[in-house]
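Report on the structure given below.
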Amino acid sequence: MSKLIKLIEVKKIIDDGILCVVEDLNLPFKIKRVYYIISPKSGLLRGAHAHYKNKQVLFCIRGSVRMVLDDGQNKEEVTLNRPNIGIVLDKMVWHEMHDMNTNSLLLVLASDLFSQNDYIRDYKSFSKLISNAKKNY
Ligand code: T46
């Protein structure tokens, strides 16, 4: 069973196209920010950081992305390639987005406004914070 990968399924209506509805999600946060990533450079790694506070749900609404999540103890991955399946990215979870191509389109719902100070971009610092938090627990 997965410790880190939490997926959320939203309604998908197929008629002349595909319509997905994000409503009434049972999220542990209020959505303060929505952003999307269009036309990422093929094969380039994105993410590779953790957030101190910000929590997110990420949907790959076109194409695919291989998500790697790491909480300092467990490392798990999943490929998202369905527009109605989102992944929860909790605070203090290192996340990386791999194997996107220029066709991929990511939609992200976030709990907080953007702040550079909320980022941990160095993996060693992230590991240290996690192990210090465990010691103080
Ligand atoms: C995650 C994935 C899916 C802003 O000015 N406002 C914003 O709301 C965001 C998200 C970014 N930016 C600026 C900050 C950087 O100069 O855009 C640049 C790229 O941002 P970032 O390095 O955060 O991009 P990604 O794609 O590596 O990561 C982002 C999220 O931070 C991350 O948590 O899950 O998108």
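We did not get these values from a lab; they are worked out from the coordinates using the rules stated. Because the structure is predicted, anything quoted here is derived from the model rather than measured. Please note: Cβ atoms are built from the backbone with ideal geometry, for glycine as well, and neighbour counts cover all protein chains shown.
Points to keep in mind about this one:
- Relative to the Cα centre, the charge distribution of the chain, modelled as +1 at Lys and Arg Cβ and -1 at Asp and Glu Cβ, gives a dipole magnitude of about 500 debye.
- Along each principal axis, Cα extent of region 1-44, largest first, Å: 33, 31, 30
- Gaussian network model of the chain, springs between alpha carbon atoms under 10 Å - residue of V57, V22, V93 with greatest fluctuation: V22
- Fully extending the segment from Q73 to K128, taken as 0.36 nm per residue of separation minus the present Cα-Cα distance, adds 18.6 nm.
- Violating pairs (Cα-Cα greater than 28 angstrom) within the set K91/K135; K6/K128; K32/K135: K32/K135
- Once the Cα gyration tensor of the chain is diagonalised, semi-axes √(5λ) in Å: 26, 17, 14
- Relative contact order, whole percent, for the chain stands at 34, derived from Cα pairs under 8 Å and 6 or more residues apart.
- Structure-based [θ]222 nm, the chain - -39500 (n - 2.57) summed over DSSP H runs of at least 4, per residue, nearest 500: -3000 deg cm²/dmol
- Selection from A133, I31, N74 lying farthest towards where the dipole of the chain points positive, charges on Cβ: A133
- 12 Å Cα-Cα reach of K53 towards aspartates and glutamates, excluding residues that sit fewer than 8 places from it in its own chain: D90, D112, D118
- Max mean-square fluctuation residue, GNM over the chain, Cα-Cα springs under 10 Å, options N26, N103, N84: N26
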